[in-house]
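Novice: Structure below; questions to follow.
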Amino acid sequence: MHNTKRIVVAITGATGVIYGVTLLEQLEHLGIETHLIISRWAARTLELEMDIDPQQIAKKASVLHQEDNLAAPVSSGSFQHDGMVVCPCSMKTLASISHGFGDNLITRAADVTIKEQRKLVLVPRETPLSPIHLENMLKLARLNVTIMPPAIGFYQHPDSLQHAVQQFTGRIMDMLNIPNDLVNRWGEEQLRIKNEE
């Protein structure tokens, strides 16, 4: 039985790996146990988009699991965790999860998360969305999977790309019931101003 919060984080090859990296950094900062899976194409995207060696990112996780290791603990329902996030989630990965096609550790771990009725958050990065994408998302949403495209909350007045990414990361953490101060909560600023008057 684990006593600390434990989150599975998967990064796929879709554009937007900065979201997965930022989430991992925030979880590390909070001392949360993380089990990381980086897909083969995610490793390439990390190099292309952020000029980062995947091994640098792996050091931020508590445990790194290889994508092709279906014997890893996270592939079993007996491995308890507090939620899984696929961030970003490619349409290939989303389709595989939607159809229960556990051909690698990411899709198998997601499949297990669904069957064990644990929290699964998918951050799909694609636009425009085809009817196939939308049907796969709807199917998963009906299974209580959280479909969370990275949308910027402009009311939070982000002043940089990193600020916008951090705010969205805070919303992911909200979905996992992880307290954080990355999000400017709607109404809190108005309440603060009123209290100062």
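Novice: Could you check the range 125-165 and list, in sequence order, the residues that are among the hydrophobic types (A, V, I, L, M, F, W, C), outside any loop (DSSP other than H, G, I, E, B) and closer than 21 Å to M50 by Cα?
Specialist: Across the range 125-165, the qualifying residues are L161, A164, V165.
Novice: May I ask you to verify whether L140 is of a type outside the set (D, E, K, R) and in contact with an Asp or Glu (Cβ under 7 Å, 6 or more places away or on another chain)?
Specialist: no
Novice: Among the residues of the range 74-96, which ones are closer than 21 Å to L23 by Cα and either part of a loop (DSSP other than H, G, I, E, B) or in contact with an Asp or Glu (Cβ under 8 Å, 6 or more places away or on another chain) (or both)?
Specialist: Answer for the range 74-96, where residues must be closer than 21 Å to L23 by Cα and either part of a loop (DSSP other than H, G, I, E, B) or in contact with an Asp or Glu (Cβ under 8 Å, 6 or more places away or on another chain) (or both): Q80, H81, D82, G83, S90, M91.
Each row is one residue, and each column tells you yes or no for (1) under 16 Å from the mean Cα position of the chain (by Cα); (2) surrounded by fewer than 20 Cβ atoms within 10 Å (Cβ to Cβ); (3) aliphatic (A, V, I, L, M).
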| position | (1), (2), (3) |
| --- | --- |
| G83 | yes, no, no |
| H99 | no, yes, no |
| E126 | yes, yes, no |
| L138 | no, yes, yes |
| P158 | no, yes, no |
| H163 | no, yes, no |
| I172 | yes, no, yes |
| L182 | yes, yes, yes |
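Novice: Only one of these conditions is not met by T34: (1) among the polar types (S, T, N, Q); (2) surrounded by fewer than 17 Cβ atoms within 10 Å (Cβ to Cβ); (3) not in a loop (DSSP other than H, G, I, E, B). Which number is it?
Specialist: (2)
Novice: On to the next question. Got at least one residue in the range 88-97 being farther than 25 Å from P131 by Cα and of a type outside the set (A, V, I, L, M, F, W, C)?
Specialist: no
Novice: Looking for something within 14 Å of R6 (Cα to Cα), among the charged types (D, E, K, R) and surrounded by fewer than 18 Cβ atoms within 10 Å (Cβ to Cβ) - is there at least one such residue anywhere in the range 43-50?
Specialist: Of the residues in the range 43-50, the ones within 14 Å of R6 (Cα to Cα) are none.
Taking every residue of the range 43-50 in turn, none turns out to be within 14 Å of R6 (Cα to Cα), among the charged types (D, E, K, R) and surrounded by fewer than 18 Cβ atoms within 10 Å (Cβ to Cβ).
Novice: Which residue, of T127, T107, is without any contact (Cβ under 8 Å) to a residue 24 or more places away in the chain, within 18 Å of G13 (Cβ to Cβ) and touching a Ser or Thr at 6+ places or on another chain (Cβ under 9 Å)?
Specialist: On the way: T127 fails: touching a Ser or Thr at 6+ places or on another chain (Cβ under 9 Å).
When all the criteria are applied, what remains is T107.
Novice: Restricting the first residue to the range 31-59 and requiring it to be within 16 Å of G13 (Cα to Cα), which pairs with a second residue that is part of a loop (DSSP other than H, G, I, E, B) and among the hydroxyl-bearing types (S, T, Y) meet a Cβ separation below 7 Å and a spacing of at least six or different chains?
Specialist: Hits for this filter: S39/T12; W41/T12; A42/T12; T45/T15; E49/T15.
Novice: Can you tell me how many residues within the range 102-114 are of a type outside the set (S, T, Y), assigned to a helix (DSSP H, G or I) and either farther than 18 Å from I147 by Cβ or in contact with a helix residue (DSSP H, G or I) (Cβ under 7 Å, 6 or more places away or on another chain) (or both)? Please lay out each step first, then the result.
Specialist: Of the residues in the range 102-114, the ones of a type outside the set (S, T, Y) are 102-106, 108-112, 114.
If we keep only those that are assigned to a helix (DSSP H, G or I) too, we end up with 105-106, 108-112, 114.
Remaining after also requiring either farther than 18 Å from I147 by Cβ or in contact with a helix residue (DSSP H, G or I) (Cβ under 7 Å, 6 or more places away or on another chain) (or both): 105-106, 108-112.
Of the residues in that region, 7 qualify.
Read-outs throughout are calculated quantities, based only on the coordinates presented, and are distinct from any laboratory measurement. Everything numeric here is computed off the predicted structure, so don't read it as measured data. Cβ sites come from the backbone with ideal geometry, for glycine too, and all protein chains shown count toward neighbours.
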